[in-house]
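Before any comments, here is the structure.
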Amino acid sequence: MLSYAIRRIGLAILILVIVMFAMFAMVFLVPGDPASLALGPRATPELKAQLNTRMGLDQPVLTQIWNFFSNALRGDLGYDVWSKRPVLDQILEVFPNTLILGLVALGMALVFGVALGCVAVVWRDTWIDRLLGVLSVSMIAVPSFVIALYSLLIFAVWLNWLPAIGAGQAGDLGSQIRAVILPAFAIGITWVGYLARLVRASMLEVMGASHVRTARAFGLSETKIVTRYALRLAIIPTIAILAVGFGSILSSAVFVETVFSRPGIGSLITSAVAKRNYPLVMGTVLFMTAFYLFIVTAADLLIARLDPRVRDVFRS
């Protein structure tokens, strides 16, 4: 287990280093001078030189890379070009909003996805099963930003049930809950379809197990067999994919937070890209990449602890 953990953590660190190099490559491969893009065509050479100095772009490439790596290891992601505030402080201010949004969306997807998967198994090979299959595939196929736009139009504009923008009033829990429902629905609806299909497929495999056949021989109802006996085993693949799903949900927040004008990582990075604020862009991307790798690595280590076969596959 120790050797597996070392290799898995080493792989995560390698991916993080590759991402950092890729960010620097993107900055230098983008056509045009970053200072000219940020300040506009009428900026004087003096202003461009000052901005390049503030972003550290006047130094050699290797020096920039070394400074960014060494500072990142100390938790210093640089300073905002315009506000001159630490990048990490700005990220930590808005990250709780994105984290809450992701957790609510993931919980919503887990509850409804597992429920729909169980219903499909109970009524398998019937019109209900086929209808749920069509709905699940439709949920997977529709992009989250399309769902966000239509849910905003229907539930916020036409019906006026939920707020259209913002994260709710500070200190008002009810207002914050109402404000997170629509964004969480727009992000999590895709994973409802994924989890429903995954639970259904896993449940059908488990339904042929000996303990399930024994429970059926004792005359237990199909609903009780599915929820009490089969679901315990079928839920394991679902738990394994939740880490990947959470990362996907956080990445979808970039679009959804923009649509709903919700403060978070998505709004922060969108504003930074629009202003060509490269330190803030690179710091935000690095932070989210590190957080995603932490979640996935922790999930892999937990699964390997519970199932030794995973360690053997990684070793081979």
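Numbers at a glance
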| item | result |
| --- | --- |
| Span-like helix ranges in the chain, DSSP H, alpha carbon extent 30 angstrom or more, Kyte mean at least 0.0 | 2-29, 87-122, 173-206, 231-259, 278-306 |
| Two-site FRET efficiency, V244 against V61, from Cβ-Cβ distance with R₀ of 35 Å, rounded to 0.05 | 0.55 |
| 5 angstrom amide H check on Y79, placed H, neighbours 5+ away | V87 |
| Prolate/oblate/rounded label for segment 75-168 (Cα gyration tensor, a/c 1.5) | prolate |
| In range of the label at T270: residues from segment 126-141 whose backbone nitrogen is under 17 Å from the point 7 Å along Cα→Cβ | none |
| Euclidean distance between Cα centres, segment 198-262 to segment 87-159, Å | 15 Å |
| Listed residue (I147, A298, V104) projecting farthest to the positive dipole end of the chain, Cβ model | A298 |
| Solvent-accessible ranking of D300, D125, D172, largest area first, probe 1.4 Å | D125, D172, D300 |
| Residue-normalised accessible area of the chain, expressed per residue, 1.4 Å probe, Å² | 55 Å² |
| Gaussian network model of the chain, Cα within-10 Å springs - most flexible of V244, V157, V199 | V157 |
| Contact order normalised by residue count of the chain, Cα under 8 Å, 6+ apart, percent | 26 percent |
| Whether the chain is rounded, prolate or oblate, judged on the alpha carbon gyration tensor where a/c under 1.5 counts as rounded | oblate |
| Relative contact order (%) - criterion: Cα under 8 Å, at least six apart; region: segment 227-284 | 18 percent |
| In Å², nearest 10: area of T44 left accessible to a 1.4 Å probe | 60 Å² |
| Solvent-accessible surface (1.4 angstrom probe) belonging to D76, in square angstrom, nearest 10 | 50 Å² |
| Gaussian network model of the chain, springs between alpha carbon atoms under 10 Å - residue of K84, K48, K275 with greatest fluctuation | K84 |
| Chymotrypsin sites (Phe, Trp or Tyr not before Pro) within segment 67-174: DSSP coil, no more than 16 neighbouring Cβ in 10 Å | W82, W123, W161 |
| Surface share of carbon and sulfur [accessible, 1.4 angstrom probe, percent] for the chain | 70 percent |
| Inter-label distance, nm, simple model (7 Å from Cα along the C-beta direction), T126/L220 | 2.0 nm |
| Helix-derived mean residue ellipticity, 222 nm - over the chain, DSSP H n ≥ 4, -39500 (n - 2.57), to 500 | -25000 deg cm²/dmol |
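The values are calculated or read from the model by the stated rules, or taken from the named source; none is laboratory data. Since this is a predicted model, take the numbers as computed values, not measurements. Glycine gets a Cβ as well: all are built from the backbone with ideal geometry, and neighbour counts include every protein chain shown. Keep in mind that these areas ignore ligands, DNA and RNA; they rest on the heavy atoms of the full protein, side chains included. Shrake-Rupley method; radii C 1.70, N 1.55, O 1.52, S 1.80 Å.
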